[in-house]
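The values are calculated or read from the model by the stated rules, or taken from the named source; none is laboratory data. Values in this document were obtained by computation on a predicted structure and should not be read as measured data. Please note: Cβ atoms are built from the backbone with ideal geometry, for glycine as well, and neighbour counts cover all protein chains shown.
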Amino acid sequence: MTDELKNIYKQHGKLQYYFDEKVPCDLFRGQSRSEEKKGFPIIYPNPGFTNKDGKIRPADVKIVERDGKQFVLGCRSISGHYRGISVFDKPNPALLNFSWYKLPAGTAIPEALAITQDGNDKFKPNHYTIAPKDDMPVELFLIWLNALIKCLEPV
């Protein structure tokens, strides 16, 4: 794995918000009832959708085709879309009717992933991202995410 994403955080003076060894604090992932009914894993790359009000929710990661195979593009920015899967440092009350799962602090982060802190507000849930460090086949990305899923605890 490369250090490209880590170096981007370093160049922006935000290295303190980049983690690739251990989960920095308890992190929480919500699962909607519809995701649960459809059998989606708790941590998965959401393909995006259009809300009832017409707003577009972009995909979590950018997926491209190379030689007939689907690849997830590695994260190459400190903000914006297509960076990875959302988690929070506390359950997000804005997400109603979600089941919540905790990824405990100190959990080893798989070598192909990084966790980035995207906010720093002591009164609201802070957004973090589980980001792919580099381009990889979708199947491999799902294997790395599954390693984290195995560590989740229901809240």
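Only one of these is within 25 Å of Leu73 (Cβ to Cβ) and aromatic (Phe, Trp, Tyr): Trp100, Trp144. Name it. Steps first, answer last, please.
Values: Trp100 fails: within 25 Å of Leu73 (Cβ to Cβ).
None of the other options fit; the residue is Trp144.
Out of the residues in region 1-59 that are of a type in the set (Ser, Thr, Tyr) and in contact (Cβ under 8 Å) with a residue 40 or more places away in the chain, state the one that is farthest from Ile78 (Cα to Cα).
Narrowing region 1-59 to residues of a type in the set (Ser, Thr, Tyr): 2, 9, 17-18, 32, 34, 44, 50.
Add one more test, that the residue is in contact (Cβ under 8 Å) with a residue 40 or more places away in the chain, and what stays is 2, 9, 17-18, 32, 44.
Details: Thr2: 16, Tyr9: 7, Tyr17: 9, Tyr18: 10, Ser32: 27, Tyr44: 20 Å.
Across region 1-59, the extreme among qualifying residues is Ser32.
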Next on the checklist: Quick check on my filter: what residues within region 15-29 are buried (at least 17 other Cβ atoms within 10 Å of the Cβ) and assigned to a strand (DSSP E or B)?
Outcome noted: Tyr18, Phe19, Leu27, Phe28, Arg29
Checklist entry - Could you say which residue among Thr129, Thr116 is in contact with a helix residue (DSSP H, G or I) (Cβ under 8 Å, 6 or more places away or on another chain) and of a type in the set (Ser, Thr, Tyr)? => result Thr116
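Conditions (1) in contact (Cβ under 8 Å) with a residue 24 or more places away in the chain; (2) more than 27 Å from Lys10 (Cα to Cα); (3) of a type in the set (A, V, I, L, M, F, W, C), marked per residue:
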site	(1), (2), (3)
Lys69	yes, yes, no
His81	no, no, no
Ile85	yes, no, yes
Pro91	yes, yes, no
Ser99	yes, yes, no
Asp121	no, no, no
Asp134	yes, no, no
Phe141	yes, no, yes
Asn146	yes, yes, no
Next on the checklist: Can you pull out every residue in region 75-127 that is over 24 Å from Asn7 (Cα atoms), of a type in the set (S, T, N, Q) and modelled with pLDDT of 95 or more?
Outcome noted: Ser99
Next on the checklist: under 25 Å from Lys22 (Cβ atoms) and surrounded by fewer than 19 Cβ atoms within 10 Å (Cβ to Cβ): is that true of Ala112 in this structure?
Outcome noted: no
Checklist entry - Does region 96-103 contain at least one residue that is surrounded by 13 or more Cβ atoms within 10 Å (Cβ to Cβ), in contact with a Phe, Trp or Tyr (Cβ under 8 Å, 6 or more places away or on another chain), among the aliphatic types (A, V, I, L, M) and within 24 Å of Leu140 (Cβ to Cβ)? => result yes
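Regarding Glu65, is this residue under 22 Å from Ile149 (Cβ atoms) and surrounded by fewer than 17 Cβ atoms within 10 Å (Cβ to Cβ)?
Working: under 22 Å from Ile149 (Cβ atoms): no; surrounded by fewer than 17 Cβ atoms within 10 Å (Cβ to Cβ): yes.
When the stated conditions are applied, Glu65 does not pass them.
Which ones in region 30-55 are part of a helix (DSSP H, G or I) and loosely packed, with under 10 Cβ neighbours inside 10 Å? Can you show your working first?
Here is the first cut: in region 30-55, the residues part of a helix (DSSP H, G or I) are 33-37.
Selection gives Ser34, Lys37.
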